[in-house]
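Below is one structure, written out as C-alpha cells; comments come after it.
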Amino acid sequence: MAHKSGFIAVVGRPNVGKSTLLNRVLGEKVLIVSDKPQTTRNKIRCIYTEHGLQAVFLDTPGVHKPHHRLGERLVATAFRALAEVDQIWLVVEPEARVGRPEREIIAKFPQGAQAVLIVNKIDTVTPSAIEHTLAAFRVAYDFKAAYGVSAATGERVPELLAHLRATLPIGPQYYPVDMIIDQPERFVAAEIIREKVLELTRDEVPHSTAVVVEGMKEQEDIVHVTATIYVERESQKGIIIGKSGAMLKAIGTAARMDIESLLGSQIHLALWAKVRKDWRQKEHELKHLGYERER
C-alpha cells in the first residue's frame, strides 16, 4: 500500500486539552500540560509514525482575547497554522457552545478545509450534553467528521487514529521513525521547567514566566543543565525563589526528575530567577526569550 502522510493543526480555546490529546496520541508525554490556560506558547510539531503512515501534528497556543504582545503573537501563531495543513482538529469542551473564539477559528478555516470536530473530556459529562455540543457545532460548520473523546482516559482516541489512516493523502515520510517532536532537547527541558512553575505557583506568576536553558553539557555521565526563570516583577521573583529558596528548590526537583526521564541520564540542574520587566509587552524581550515572530 502507498505511504500516507500529512499535517494536522490542533486548535481551540486555552485549556481544552489539546496538548493532553496529543500526548495520548503519541503514547507518551512530550508536551507540557496544566490546568491553567495558555500553557502552550509555541507552534510545536509532534510526529506520530506507524507502518505506512506519518502524521505531523501542530500543537498551537489557545485562541483567546490577548492582553499583551505575547498574547497577540500566540493567537496569530494559532491562526497561521490553519493555512499550512491537510487537516484541522478543532478541540472543544464537552459542554461548549459556539462562542467568539470558535467563530474566529472557523472563519480562518481555508475554503474546503478538512476539519474535524473533537469534543474532549467526555468522561466528565453525560452523553446528552455531548450530543448538544456536537449538534451546536455541526450547525456552525460542515465538519468532515466529529468525535467525542477523552484525552485523559484514551476513550475513542483509536477512532481518531482510524480517521487519520482513512483520510490522510498519499505522501512521504518527513521525519525519522523515532522522532516524536521537532524541537531540541534544550527547548523541551525549558518547557518542563515552565510546567513545574505552572503547577506550583498561582495567580499571575505562571503567565509572567519564561524559561531559557542557558547551557546543557555532559560531564562524567551527568548532564549539567543551567536554566533561568524570567519574571516581570521583583515581587514575582520573590515568589519563584520562595522562603529560603524553598520554591525554587521544589521547581528544580520536580523538573529534574522529568528531564532525567526525557534524556535517560542523571541530571544536575542549576536554576536561577531573574527579572525582565514587562517582557510580554516588548518586542526585543520576546525575541530574547525565544518567541520569534514567524515570517
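The values are calculated or read from the model by the stated rules, or taken from the named source; none is laboratory data. This is a predicted model, so every value here is computed, not measured. No Cβ is skipped: glycine too gets one built from the backbone with ideal geometry, and neighbour counts run over all protein chains shown.
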Output the residues belonging to region 258-272 that are modelled with pLDDT of 90 or more and within 24 Å of the chain's Cα centre (by Cα).
Leu269, Leu271
With at pLDDT below 90 and under 17 Å from Pro184 (Cα atoms) as the only criterion, which of Glu218, Glu199, Glu204 stands out?
Glu218
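Quick check on region 156-168. Is at least one of its residues at positive phi and small (Gly, Ala, Ser)?
no
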Return yes when Leu269 is surrounded by 15 or more Cβ atoms within 10 Å (Cβ to Cβ) and either touching a strand residue (DSSP E or B) at 6+ places or on another chain (Cβ under 6 Å) or part of a strand (DSSP E or B) (or both) and no when it is not.
yes
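Condition check ((1) within 20 Å of Leu289 (Cα to Cα); (2) modelled with pLDDT under 90; (3) of a type in the set (Asp, Glu)) across all residues:
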residue: Ala140; (1), (2), (3): no, no, no
residue: His163; (1), (2), (3): no, no, no
residue: Met179; (1), (2), (3): no, yes, no
residue: Glu185; (1), (2), (3): yes, yes, yes
residue: Ala190; (1), (2), (3): yes, yes, no
residue: Glu195; (1), (2), (3): yes, yes, yes
Criterion violated by Lys121 - all others in (1) without any contact (Cβ under 8 Å) to a residue 60 or more places away in the chain; (2) under 14 Å from Tyr147 (Cα atoms); (3) not aliphatic (A, V, I, L, M) satisfied:
(1)
Selection within region 24-33 - surrounded by 19 or more Cβ atoms within 10 Å (Cβ to Cβ) and either within 11 Å of the chain's Cα centre (by Cα) or modelled with pLDDT under 75 (or both)
Val30, Leu31, Ile32, Val33
Whichever residue in region 224-265 is of a type in the set (Gly, Ala, Ser) and closer than 11 Å to Thr201 by Cβ and, among such residues, is surrounded by the most Cβ atoms within 10 Å (Cβ to Cβ)
Gly242
Could we say that Ala210 is in the same structural domain as Glu260 (by TED's automatic domain parsing), buried (at least 20 other Cβ atoms within 10 Å of the Cβ), under 13 Å from Ala270 (Cβ atoms) and within 19 Å of the chain's Cα centre (by Cα) here?
no
Test: Val211 is under 24 Å from Gln54 (Cα atoms), in contact with a helix residue (DSSP H, G or I) (Cβ under 6 Å, 6 or more places away or on another chain) and β-branched (Val, Ile, Thr):
no
Filtered residue count, region 155-202, keeping only those that are under 17 Å from Ala255 (Cα atoms) and either part of a helix (DSSP H, G or I) or charged (D, E, K, R) (or both):
16
Taking region 120-179, which residues are aromatic (Phe, Trp, Tyr) and over 20 Å from the mean Cα position of the chain (by Cα)?
Phe137, Tyr141, Phe143, Tyr147, Tyr174
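Yes/no matrix, rows are residues, columns are (1) loosely packed, with under 14 Cβ neighbours inside 10 Å; (2) free of Cβ contacts under 8 Å to residues at least 12 places away in the same chain; (3) part of a strand (DSSP E or B):
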{"position": "Leu90", "(1), (2), (3)": "no, no, yes"}
{"position": "Arg97", "(1), (2), (3)": "yes, no, no"}
{"position": "Gln111", "(1), (2), (3)": "yes, yes, no"}
{"position": "Leu117", "(1), (2), (3)": "no, no, yes"}
{"position": "Ala135", "(1), (2), (3)": "yes, yes, no"}
Filter region 92-122 down to the residues that are at negative phi and of a type in the set (D, E, K, R) and list them by number.
Glu93, Glu95, Arg97, Arg100, Glu102, Arg103, Glu104, Lys108
How many residues of region 145-156 are touching a strand residue (DSSP E or B) at 6+ places or on another chain (Cβ under 9 Å) and either over 30 Å from Glu28 (Cβ atoms) or in contact (Cβ under 8 Å) with a residue 40 or more places away in the chain (or both)? The answer is 3
With respect to Ser208, determine if the residue is within 24 Å of Ser19 (Cα to Cα) and among the polar types (S, T, N, Q).
yes
Mind checking whether some residue in region 40-55 is surrounded by fewer than 19 Cβ atoms within 10 Å (Cβ to Cβ), more than 15 Å from Ile180 (Cβ to Cβ) and at pLDDT 90 or above?
yes
